[in-house]
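One structure is given here, and the rest of the page talks about it.
No lab work stands behind these numbers, since they all come straight from the coordinates. Predicted, not measured: the structure shown is a model, and the values here were computed from it. Here the Cβ positions follow ideal geometry from the backbone for every residue, glycine too, while neighbour counts run over all protein chains shown.
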Amino acid sequence: MIILAVDSSGPVVSAAVSKEDKILYEAAANCGLTHSETMQPMIEQVVRGAGISPGEVDLFACVTGPGSFTGVRIGVCAVKAMAQALDRPCVALNALEVLAAGKYGFIGTICPILDARREQVYAAAYSFSEGEVPRIVLEEDALPLLRYLEKIPEGRLLFVGDGVPVHKEKIRGILGERALFSPDCTGQLRCGVACYLAARKPTCDAMALAPLYLRRPQAEREREARLHGGKNV
């Protein structure tokens, strides 16, 4: 089975093509351009680099969030369009689970965190105590960093994701030697891993593919705050 996976949920836009769990081509860019400028050329690049035509793709996978609201929509729209045009199934992937899956073999709890700003994170917790895919230890949520740290279990903890550089010192100060940190070069989401997960997930129709938002967009929250006299809602 040939899988095309894309991700534009975070600062890095990426895409990959795999066949029977073997990566044929993978690309990523963090070049200052908007994802709307980068996504389509990158999809064309990985398809061409894999030596296939778009019509040979059997399954389209998209990281649907959590992450940047605009970025997530760009990826979802791109995948929906391709899958619908070619009448192919889709798979929606959670960015936090993909990050955790990239740390297969770690003995302990994997703690993917994405910076949600205002001292909040998109976060969850996983382990590999069973099977080939991460087992959920703590469900994904958008919450203050300190509340998240109170919820994660005891034992060895590996933090990954774009929230690590933002919150590393605070996490280390609270958790001490229990907390390990994946370097930025190995802690980013990879679409090659997304392909691997997609092969093991249930599929959906292109029209059912939708963004995963753990909270409302900032513009909506600010508008409602103004309506409530400046109170956070």
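Some observations on this one:
- Rounded, prolate or oblate (a/c below 1.5 giving rounded, otherwise prolate when a/b exceeds b/c) for the stretch 60-140 by Cα gyration tensor: oblate
- Percentage relative contact order, the stretch 96-181, counting C-alpha pairs under 8 Å, at least six apart: 29
- Considering only L24, F69, M1, the residue lying farthest towards the positive end of the dipole of the chain is F69, judged by Cα position with unit charges set on Cβ.
- Our coupling estimate for the stretch 5-21, obtained by passing each phi through the Karplus curve with A = 6.51, B = -1.76, C = 1.60 and θ = phi - 60°, is 10, 9, 9, 9, 7, x, x, 9, 9, 8, 7, 8, 10, 10, 9, 6, 6 Hz, Gly and Pro reported as x.
- Here K19 and D205 are evaluated by their C-beta separation; at R0 = 25 Å the FRET efficiency comes out at 0.60.
- With θ taken as phi - 60° and the Karplus curve 6.51 cos²θ - 1.76 cosθ + 1.60 applied, the whole-hertz 3J(HN,Hα) list for the stretch 112-127 is x, 10, 10, 5, 9, 6, 6, 6, 10, 9, 8, 8, 7, 8, 9, 9 Hz, x standing for glycine and proline.
- Entry note, the chain: relative contact order of 22 percent, from Cα contacts under 8 Å with a spacing of 6+ residues.
- Alpha-carbon centroid distance for the pair the stretch 154-189 / the stretch 21-45, whole angstrom: 26
- In order through the stretch 160-167: 3J(HN,Hα) via Karplus (6.51 cos²θ - 1.76 cosθ + 1.60), integer Hz, x for Gly, Pro: 9, x, 6, x, 5, x, 6, 10
- Cα gyration tensor shape of the stretch 113-194, rounded if a/c is under 1.5, else prolate or oblate by comparing a/b with b/c: rounded
- Scanning residues 5 or more positions from F181 or on other chains, those with amide H under 5 Å from its amide H are F159, with H placed 1.01 Å from N in the peptide plane.
- For the chain, the C-alpha radius of gyration divided by 2.2 N^0.38 Å, with N the number of residues, is 1.02.
- Sequence ranges 69-78, 42-51, ranked by mean other-Cβ count within 10 angstrom, highest first: 69-78, 42-51
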